[in-house]
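Please treat every number below as a calculation from the coordinates, not as lab data. Computed from a predicted structure; not experimentally measured. Don't worry about glycine lacking a Cβ; one is built from the backbone with ideal geometry, like all the others, and counts go over all protein chains shown.
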Amino acid sequence: MSKPVTTLSGRKVIVRDLELGAKIGIYTHERLDAQLIRINISLDVGTGPIADRIEDVVSYESVVERVKAECARGHVNLAETLAERIADLCLEFAGVHEAWVRLEKLHAIAEAAGVGCEVTKRRNTAHAGGAVS
């Protein structure tokens, strides 16, 4: 019996439920202290071949390190602003075609487990280049 022919339709790199402190928000108390946020990321990295080497993929460890650095840069007024910055830095990695980011402030509203936003950005192929690995 022969094996069925398969085609890879896509590959994603994910970071799930990354919890970090960030100075984010428009209120005075949000400017003074970092608050806990949760970040989820899904990166569309296409269907190219890999040879079981880290050099062939987007390293989720590298993604997390860049996100941590972005969150540590300083105060941001809006969750949307930080989510878009994170999506932009993800698109800087070679091979990432689309970045989806969900950012939630975990203690902003007592009755909610989290509030925030989702952002999806796609690489502009007309100006692609300069990507990092």
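The HN-Hα couplings worked out from phi for the range 25-33 by the Karplus form 6.51 cos²θ - 1.76 cosθ + 1.60 (θ = phi - 60°) are x, 9, 8, 3, 5, 6, 7, 7, 10 Hz, whole numbers, x standing for Gly and Pro. Reported value for the range 3-114: 115 Å³ per residue, from the convex hull of its C-alpha atoms. Once the C-beta distance of ILE50 and ALA110 is scaled by a Förster radius of 41 Å, the resulting FRET efficiency is 0.35 to the nearest 0.05.
Pulled fully out, how much extra length does the chain show between VAL57 and SER42, if you take 0.36 nm times their separation in residues and subtract their Cα-Cα distance?
Details: separation 15, 0.36 × 15 = 5.40 nm, distance 1.39 nm.
Value of the extension gain: 4.0 nm.
With a Förster radius of 22 Å, plug the Cβ-Cβ distance of ASP17 and ARG122 into 1/(1 + (r/R0)^6) and report the FRET value to the nearest 0.05. List each step's numbers first, then the result.
Numbers: r = 24 Å, r/R0 = 1.09.
Computed FRET efficiency for ASP17 and ARG122 comes out at 0.40.
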